[in-house]
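The next block holds one structure in the form of structure tokens; read it before the comments.
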Amino acid sequence: MATIIDRAVARGEIAAPADPALMAAILPALGLHRLIFTGVGPDPDYAAAVIDNVLLPALSASSVPESRESTRP
């Protein structure tokens, strides 16, 4: 996943994420979560849904809060 993100950054498709390792860990983490809690392993449709609905929006966000404190009410 890190290589895919790095290549997308190099092509100018996305801005470099603040924490590339965190972005790269999301898909495997959600796949493992699904397996543990539902007994159903990740499949291509699940991977596509996570990429389309979680990773791409996170990587495409135009603004990132400067600190965690600024996002709290």
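The values are calculated or read from the model by the stated rules, or taken from the named source; none is laboratory data. This structure is a prediction, so every number in the text was calculated from the model and none was measured. Quick reminder, even Gly has a Cβ in these numbers, built from the backbone with ideal geometry, and neighbours come from all protein chains shown.
Listed values, structure above:
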{"item": "Members of the stretch 11-35 that are charged (D, E, K, R) and more than 14 Å from MET1 (Cα to Cα)", "result": "ARG11, GLU13, ARG34"}
{"item": "Qualifying residue in the stretch 10-26 (condition: assigned to a loop (DSSP other than H, G, I, E, B) and at pLDDT 90 or above)", "result": "yes"}
{"item": "Looking only at the stretch 27-42, and only at residues there that are in a helix (DSSP H, G or I) and touching a helix residue (DSSP H, G or I) at 6+ places or on another chain (Cβ under 9 Å), the one that is modelled with the lowest pLDDT", "result": "LEU27"}
{"item": "Of the criteria (1) on the phi > 0 side of the Ramachandran plot; (2) touching a Gly at 6+ places or on another chain (Cβ under 7 Å), which one PRO42 fails", "result": "(1)"}
{"item": "Count of residues meeting criterion [over 9 Å from the mean Cα position of the chain (by Cα), at pLDDT below 90 and either within 21 Å of ALA8 (Cα to Cα) or assigned to a loop (DSSP other than H, G, I, E, B) (or both)] in the stretch 43-68", "result": "8"}
